[in-house]
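S.K.: Below are the structure tokens for one structure; questions will follow.
The values are calculated or read from the model by the stated rules, or taken from the named source; none is laboratory data. Being a predicted model, the structure only gives us computed values, none of them experimental. Note that each Cβ is placed from the backbone with ideal geometry, even for glycine, and that neighbours are counted across all protein chains shown.
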Amino acid sequence: MEKRTAESFEKLPRHVAVIMDGNGRWAKKHRLSVPRGHRQGTETLREIIRHTDDLGIGALSLYAFSTENWSRSEEEVGALMQLILDFFASEIDELDERNVRILILGEKDRLPQRQRETLEEAERRTGNNTGLRLNIAINYGGRAELARAARMIAEKVKSGALAAEEIGEETLAAHLYTAGQPDVDLLIRTSGEMRLSNFLLYQCAYAEFVFPETLWPDFTVADYDRALDVFAHRQRRFGGR
Ligand code: FPP
């Protein structure tokens, strides 16, 4: 299939966020295990990252593991943790070559040591890259991110580095994991679910939402291009007329 280029879109988002939903249902539909569904989902992830980079979109945020996902079975959590290791082992060279800069959104401290080290190494290795900003949310929650920002700001006020009256929206934005990146322009959630599920609450304030019915493992580059087209034809008013 012919892959579309940036010029074929009337406009492109600067920052796309994706909630990769439907791995479990895909597995069930194919009478496979849920971990197998997540593995298939990782294949989709690879294609979507490559295509996003090829299109020259500035930032891509992916919801890989929420703070609530710990409540899933030990088997499923273990499989997701293993997939994280596998993903970085197989992709890091290509991502680095592509000049992609990786950032992990979320609390890495609660992760097993190997995962934590792998993620930190990926961030360190790609930290000076200047291409696509690839944000991967792992042990992430939007409210926890806001609470963390509030704590950092409070510390600055306490130490006298910042006056309370000076705190504005930008102060908050500057203390989020995504500091320095544009707000989310387009949020895609696959599998027909229409919820934000605590993902990038602040950053999605003016995002356009697109909810394709496709389950994440079946989601193709063509489906992605369709979502980008929907975005290109939406009228964004940001509260104006
Ligand atoms: C939601 O599907 C998906 C997840 C909870 C995990 C998404 C993770 C991956 C695609 C791969 C791992 C990530 C990396 C970075 C390697 P679900 O299981 O909730 O689906 P369901 O609603 O159909 O049950």
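S.K.: Is it true that residue 139 is part of a strand (DSSP E or B) and either closer than 23 Å to residue 220 by Cβ or among the small types (Gly, Ala, Ser) (or both)?
M.R.: No: the conditions fail for residue 139.
S.K.: Now, a different point. Could you please tell me which pairs satisfy a Cβ distance under 8 Å, a separation of 6+ or placement on different chains, a first residue in the range 200-221 that is of a type in the set (D, E, K, R), and a second residue that is in a loop (DSSP other than H, G, I, E, B) and at pLDDT below 95?
M.R.: Pairs found: 208/234; 208/236.
S.K.: Surrounded by fewer than 18 Cβ atoms within 10 Å (Cβ to Cβ), among the hydroxyl-bearing types (Ser, Thr, Tyr), under 26 Å from residue 225 (Cβ atoms) and more than 10 Å from the ligand (Cβ to nearest atom) - does that describe any residue in the range 73-89?
M.R.: no
S.K.: I would also like to ask the following. In this structure, is residue 32 over 28 Å from residue 108 (Cα atoms), without any contact (Cβ under 8 Å) to a residue 60 or more places away in the chain and either within 14 Å of the ligand (Cβ to nearest atom) or in contact with a strand residue (DSSP E or B) (Cβ under 6 Å, 6 or more places away or on another chain) (or both)?
M.R.: yes
S.K.: For the range 148-168, what are the residues that are outside any loop (DSSP other than H, G, I, E, B), of a type in the set (Val, Ile, Thr) and in contact (Cβ under 8 Å) with a residue 12 or more places away in the chain?
M.R.: 153 - this is the single residue of the range 148-168 that is outside any loop (DSSP other than H, G, I, E, B), of a type in the set (Val, Ile, Thr) and in contact (Cβ under 8 Å) with a residue 12 or more places away in the chain.
S.K.: Related question: So for the range 103-110 (the condition being within 15 Å of the ligand (Cβ to nearest atom), among the acidic types (Asp, Glu) and at pLDDT 95 or above), does at least one residue qualify?
M.R.: Checking the range 103-110: not a single residue is within 15 Å of the ligand (Cβ to nearest atom), among the acidic types (Asp, Glu) and at pLDDT 95 or above.
S.K.: crowded, with 17+ Cβ neighbours inside 10 Å, of a type outside the set (S, T, N, Q) and in contact (Cβ under 8 Å) with a residue 12 or more places away in the chain: is that true of residue 230 in this structure? Step through it out loud before you land on a result.
M.R.: Numbers: crowded, with 17+ Cβ neighbours inside 10 Å: no; of a type outside the set (S, T, N, Q): yes; in contact (Cβ under 8 Å) with a residue 12 or more places away in the chain: yes.
Answer is no for this residue.
S.K.: Now, a different point. Check residue 48 against each of (1) away from the ligand (no atom under 13 Å from the Cβ); (2) within 24 Å of residue 229 (Cβ to Cβ); (3) surrounded by 15 or more Cβ atoms within 10 Å (Cβ to Cβ) and name the one condition it does not meet.
M.R.: It is condition (1) that residue 48 fails.
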